[in-house]
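Following: one structure in structure tokens, then a few remarks.
The values are calculated or read from the model by the stated rules, or taken from the named source; none is laboratory data. Because the structure is predicted, anything quoted here is derived from the model rather than measured. For neighbour counting, all protein chains shown are included, and Cβ atoms are generated from backbone atoms with ideal geometry for every residue, glycine included. Remember, those area values only see protein heavy atoms, side chains included, never the ligands or the DNA or RNA. Shrake-Rupley method; radii C 1.70, N 1.55, O 1.52, S 1.80 Å.
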Amino acid sequence: MIWHPSPNFGPRRNGARPGLIVLHYTAMDSAQSALERLCSTEHEVSAHYLIGRDGTCWQLVREADRAWHAGAGAWAGQGDVNSRSIGIELDNDGQTPFSEPLMAQLEALLGEVMANWQIVPQAVIGHSDMAPDRKSDPGARFDWCRLARQGLAIWPEVATAPATDPDAFARLACTFGYPDASPDALLTAVRDRFRPAARGPLAAEDMAVIADLARRFPVDPDPVPA
């Protein structure tokens, strides 16, 4: 771990503590370029960690502090995600697979951060999950299933495919934690994470994925009907 402090941080608001981890891709040509951007007072963005394609990991902001990585958005019915999360930037352009050294380092880091703050696997999310109308990272090339196999994220357990219903899809997505968003953006966010090869209009398989996630990981403690 390389300590490389960014000036772009502040205190967490209203006594909040990290309960989420938000994953991003940098969409830049190198980790060094991303490091400079995340430490620039002009751009006023940061993250707690940056992982390079070669596995190098920089810590930019202390976990107890509020980094400026999430922006506008919400998860599980709550805004100010910056105050409630740890942000991890991944050196990737969004179009190519994430490198093996990067993924191995991410797995090690996630295990530590989750243990530090008692963060559960369903609280490891993508930037596109909390801001589907404006963000697409970490994108369809990110291997969420790999993380889920190690208990570092979640993956759907789909047995049946219910009838297609756009309104029901939106309700179930909200029950799982997604914010209000346009139907197309919401479908893209769910597919990028859980069905990255899917194309076309809402399908029964999309309904099956979101119904399973809403049933097993509801924001509302009341169970969602199967």
### Task
Would you mind stating whether ALA67 is open to solvent by less than 40 Å² (accessible area, probe 1.4 Å) and either acidic (Asp, Glu) or out of contact with any helix residue (DSSP H, G or I) (no Cβ under 6 Å at 6 or more places or on another chain) (or both)?
yes
#### Entry: All positions within the range 3-50 that are over 19 Å from the mean Cα position of the chain (by Cα) and hydrophobic (A, V, I, L, M, F, W, C)
TRP3, PHE9, ALA31, LEU35, CYS39
### Message
Suppose the filter is of a type outside the set (Lys, Arg) and under 19 Å from ASP129 (Cα atoms); does SER6 pass it?
### Response
no
### Query
Which of the residues belonging to the range 1-54 are in contact with a helix residue (DSSP H, G or I) (Cβ under 7 Å, 6 or more places away or on another chain) and among the acidic types (Asp, Glu)?
ASP54
### Query
Wholly within the range 117-226, which helices (runs of 4 or more DSSP H) include no fewer than the required count, namely at least 1 residues that are open to solvent by 50 Å² or more (accessible area, probe 1.4 Å) and under 23 Å from ALA72 (Cα atoms)?
166-176, 183-194
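One line per residue, one yes/no per condition, for (1) within 14 Å of PRO138 (Cβ to Cβ); (2) without any contact (Cβ under 8 Å) to a residue 12 or more places away in the chain; (3) open to solvent by 60 Å² or more (accessible area, probe 1.4 Å):
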position	(1), (2), (3)
ASN8	no, no, no
ARG12	no, no, no
HIS24	yes, no, no
GLU42	no, yes, yes
ARG62	no, no, yes
GLY71	no, no, no
THR96	yes, no, no
### Query
Among the residues of the range 51-58, is any under 17 Å from the mean Cα position of the chain (by Cα), buried (at least 22 other Cβ atoms within 10 Å of the Cβ), in a strand (DSSP E or B) and not polar (S, T, N, Q)?
yes
### Message
Looking at MET114, MET103 in this structure, which one is assigned to a helix (DSSP H, G or I) and open to solvent by 10 Å² or more (accessible area, probe 1.4 Å)?
### Response
MET114
### Query
Does GLY87 satisfy the criteria of being in contact with a His (Cβ under 6 Å, 6 or more places away or on another chain) and open to solvent by less than 10 Å² (accessible area, probe 1.4 Å)?
yes
